[in-house]
Amino acid sequence: MREEAREGRPACETQPRADLSPQVASALEPFVYQQYVLLTTYRRDGTPVGTPVNIAVDGDRAFVRTWDTTWKLKRIRNNPEVEVAPSTIRGKPTGPAIHARARILEGDESMYAGRAIARKHRILHGFLIPLVHRLRRNKTMHIELTPVDGQIRGVQKDGWYELGAGPA
């Protein structure tokens, strides 16, 4: 029995925790206490589109929540490669970005992600966002973000970080 199953965590299909390098595990450390992140997804033509979202980190992965008809979800279905950077509520990056792979969760994994997000953001995601989703008759979707490598992108300019300006 895997460690995650004993802890009540659904097993992660992407990569076993024992195989993670310390570099990848530490890539999510800046996001543990971060309220908002800029989730950058890519259109089919490669144009980046940034969206500020709330995040909850759980070990070697992070979770975000959205509803089923959002464009970011459609872009993730087409291209799961994303960038995640700490940001303000309005989406202005406040730190360097990391590369991650997004995976849309279903079933028990989605329920676990929802509980993790609600634990961190008790009022907003524990009550308000689920209420809005129900009133709008949207399906709540959860996305798992797993760091691809430990490479951090972004160069600080005038006290703020610019995404994509660092070495590729």
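The values are calculated or read from the model by the stated rules, or taken from the named source; none is laboratory data. All values reported here derive from a predicted model rather than from experimental measurement. When we count neighbours, we look across all protein chains shown, and the Cβ atoms used for this are built from the backbone with ideal geometry, even at glycine.
The table that follows gives values for the structure above.
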| quantity | calculated |
| --- | --- |
| Some residue of region 6-18 being farther than 24 Å from Ala118 by Cα, at pLDDT below 85 and surrounded by fewer than 13 Cβ atoms within 10 Å (Cβ to Cβ) | yes |
| Exclusive hit being at pLDDT below 85 and under 18 Å from Tyr36 (Cβ atoms), set Arg122, Arg136, Arg90 | Arg122 |
| Selection count where residues are in contact (Cβ under 8 Å) with a residue 12 or more places away in the chain and closer than 12 Å to Lys120 by Cα, scope region 32-61 | 9 |
| Some residue of region 40-50 being acidic (Asp, Glu) and either modelled with pLDDT of 90 or more or under 17 Å from Arg90 (Cα atoms) (or both) | yes |
